[in-house]
Amino acid sequence: MSAGDVVVLVASGACLVAVAGLVVSVRSLRRQVTRLAAVADDLANRTVPLVAEAHRAAGSAASELDRVGAVLESTEAVTHTVDSASRLAYRAFANPVVKVLAVRAGAAGGLRRLRTGPGER
C-alpha cells in the first residue's frame, strides 16, 4: 500500500463518518420538523375556534355599542327637552311668584300696623 492509497483510505473513512453524522443529523431534524408540524396543527385547531369566538364577540360588542349610542342620543334629547321646559317654567312663574310674595309681605306689614296702631311699632 502506497501513501496515496492510505490517504484515499483515510479520506474515505472520514467521508463515511461525515455521511453517518449527516444522516443522524437529518433524521433528528426530520423528527423535530414532524413534532413542529404536529404542534402547529394542534395550535391551529385550538386557535381557529378562539379567533371565530373573538370575532363573534367583537360583532356583539359593536351591536351593543350601537344600542348604547342610541340610548345616549335619546338621553341627550330628553335632557335638552327638560332643560328647555325648566327654563320656560322659570320664566313663566318667576315674575308672578315674586309679585305674590311682595303683596304678601306688604299685606303682612299692613296687618301688623293695623293691630299695633299707627304710632307704635
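Of all the residues in the stretch 52-89, those that are under 16 Å from the mean Cα position of the chain (by Cα) and of a type in the set (A, V, I, L, M, F, W, C) number 7. Does the stretch 1-57 hold any residues that are of a type in the set (S, T, N, Q) and outside any helix (DSSP H, G or I), and which are they? Residue satisfying the conditions is SER2 alone. Condition check: at pLDDT below 90 and outside any helix (DSSP H, G or I). Does ARG121 satisfy that? The answer is yes for ARG121.
The values are calculated or read from the model by the stated rules, or taken from the named source; none is laboratory data. Here the structure is a predicted model, which means the values were calculated and not measured.
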